[in-house]
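S.K.: Have a look at this one.
The numbers here are math on the coordinates, done by the rules we state, and not lab data. This is a predicted model, so every value here is computed, not measured. Because the Cβ atoms are built from the backbone with ideal geometry, glycine has one as well, and the counts that use them run over all protein chains shown.
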Amino acid sequence: DVKVTQSSRYLVKRTGEKVFLECVQDMDHENMFWYRQDPGLGLRLIYFSYDVKMKEKGDIPEGYSVSREKKERFSLILESASTNQTSMYLCASGTDWVSYEQYFGPGTRLTVT
Amino acid sequence: DAKTTQPPSMDCAEGRAANLPCNHSTISGNEYVYWYRQIHSQGPQYIIHGLKNNETNEMASLIITEDRKSSTLILPHATLRDTAVYYCIVRVAYDKIIFGKGTRLHILP
């Protein structure tokens, strides 16, 4: 079975802190994604990567950056956390572009105080 | 914005077929219809996808109308574990998917 793991299920950080969210997949997928999920807004794409060291902005990249140094690992970075970044963060990985099936991790609930 | 329209919620009796509708009237010829679901406190789970033909797998069936402007996800024998939010998604572009607000499906015992 495909497994996508995220470094933390729950995280509490202070405003202004630099925050790292880690995601690891074990299926040698080329594509990896970061989403955030907020009540009433559904899932929104922050960034995605289709290869090592490659990244593309999604719909809401402001305030975030990403890093993909190894194929299996995709990190989301909040350079200076703000309260409006309190959210559920979901990582996903996927294989080919035609079927575009994505496998999601369990999510990290981040609270910024 | 999501390119799909789904009812916000639906109820289905346990053991009966759950039929979840989705409208995607602006779908392009090369766009697929995907269904995912999200059980509470978990990440979304892929269910099924299709282009033109009806599709079936171990989880569900997908019925796409001939004009491709709408589709229906069918869970043939719903159980309490099928209670979740179901997302109908049309692939917007070559490289990203937009999730809408989905349908919250309640399975009633």
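S.K.: For segment B:26-41, take each phi angle, set θ = phi - 60°, evaluate the Karplus expression 6.51 cos²θ - 1.76 cosθ + 1.60, and give the result in whole Hz per residue in order, putting x for glycine and proline.
M.R.: After applying 6.51 cos²θ - 1.76 cosθ + 1.60, I find 9, 4, 8, x, 9, 9, 8, 9, 10, 10, 10, 9, 9, 7, 3, 6 Hz.
S.K.: A further question follows. With charges only on Cβ, +1 for K and R and -1 for D and E, what is the dipole size of the protein assembly as shown about its Cα centre, in debye, rounded to 20?
M.R.: It comes to approximately 560 debye.
S.K.: Would you be so kind as to identify which of A:Tyr10, A:His29, A:Ile60 lies farthest towards the positive end of the dipole of chain A, taking Lys and Arg as +1 and Asp and Glu as -1 on Cβ and the Cα centre as origin?
M.R.: Result: A:Tyr10.
S.K.: Taking a quarter of the surface of the Cα convex hull of chain A, what do you get in nm²? Can you show the working numbers first?
M.R.: Working: hull surface 26.7 nm².
Projected area, direction-averaged: 6.7 nm².
S.K.: Ok, one more. Estimate the FRET efficiency between A:Arg73 and A:Thr15 by the formula 1/(1 + (r/R0)^6), using the beta-carbon distance for r and 30 Å for R0, to the nearest 0.05.
M.R.: According to the calculation, E is roughly 0.65.
S.K.: Between A:Thr113 and B:Thr65, take the C-beta separation as r, use R0 = 30 Å, and let me know the FRET efficiency to the nearest 0.05.
M.R.: The value I calculate is 0.05.
S.K.: Something else now. Can you tell which of A:Ile77, B:Leu105, B:Thr4 lies farthest toward the positive end of the dipole of the protein assembly as shown, using +1 and -1 charges on the Cβ of basic and acidic side chains (Lys, Arg; Asp, Glu)?
M.R.: With unit charges placed on the Cβ atoms, the residue in question is A:Ile77.
S.K.: Obtain the radius of gyration and the Kirkwood radius of chain B from its C-alpha atoms and give Rg over Rh.
M.R.: Values: Rg = 13.1 Å, Rh = 13.9 Å.
Rg/Rh: 0.95.
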